Amino acid sequence: MSEKDEIAVSNTLTPEEQAVWDAKAKVRVLLNLWDLSGGKIPVKKGDLTKRIVRTNETSQRYVGVLGELQATGAIEYSLVNRVTRVELSAKGKEVLAQGLKSRDSLFEFDGSQIGTRLGNSLLKWIRHQDGAASVAVETGKKDVGAIASYNDFKAVAIDVYDRLNRDYNFDDLVPIYRMRREIGEKVSRSQFSEWLLEMQAQDILQLIGGSVEDSAPDKIEDSITTKVNGLRCYVKRLT
């Protein structure tokens, strides 16, 4: 189907039908992205496109859906070595869970058969959620892997810095928002900022100014701002 034909098909949908299609497509996009990355690392946008575009569709049909997911913070884009990558955010995982579990969700499989990949992705998601629930029960619903001390944080932060710097070729300037999101809920937002500043005071790291690559408000919010030095968006390891 050509782009022109696909636009014509899209125009035959009523607003209500288009809304349903968009809602289903968003869940499929998020589920496939989660399956590709395990919900942990960015993947090439082209790899995601290959997974979501079905027979008789083109990537053009998903431009609006991807744009809405980005606008709501469910997915995030980055440019690494001139290759556009897309990442599932923590909010995106929440949206995916809601879309799959909620009785009010519009998501359902179309037609009489579903693709093997999508079906297996759903099975993996269900098994992952069951495993996460089991861990929560066994630990008395305490935070798994919570960082309790500055020394523990220091070790984790250095490991995360080194890994991000190596895997994404950040040239020794790792975005703070990436470190914050990688460490996630193992530490509170305020404690993350406090301990990272402590590492700077001990000359382990240097926090550097500037701005994030696309000036996205959520990425700036996940950086660090101090009354004395203002906005700091990057980390450079000194030792």
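No lab work stands behind these numbers, since they all come straight from the coordinates. From a predicted model like this one, the values you see are computed outputs, not experimental measurements. With ideal geometry, Cβ positions are generated from the backbone for all residues, glycine too; neighbour counts draw on all protein chains shown.
Summary table
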read-out: Length added when fully stretched, Trp21-Lys227, from 0.36 nm per residue minus Cα-Cα; value: 69.4 nm
read-out: Long-range HN-HN contacts of Ser89 with modeled amide H, under 5 Å; value: Ile75, Glu76
read-out: ³J(HN,Hα) computed for each position of region 48-55 - Karplus, 6.51 cos²θ - 1.76 cosθ + 1.60, integer Hz, glycine/proline x; value: 5, 4, 4, 7, 8, 7, 8, 4
read-out: Highest average packing first - 54-60, 188-194, Cβ atoms within 10 Å; value: 188-194, 54-60
read-out: Cα principal axis extents for region 53-97, largest first, Å; value: 32, 31, 16
read-out: Globularity index of region 150-237, i.e. its alpha-carbon radius of gyration over 2.2 N^0.38 Å; value: 0.98
read-out: Length gained when the stretch Leu197-Ile158 is fully extended (0.36 nm per residue, less Cα-Cα span); value: 12.7 nm
read-out: Other-chain or far-sequence residues with amide H under 5 Å of Leu205's (modelled H); value: Gln200, Leu238
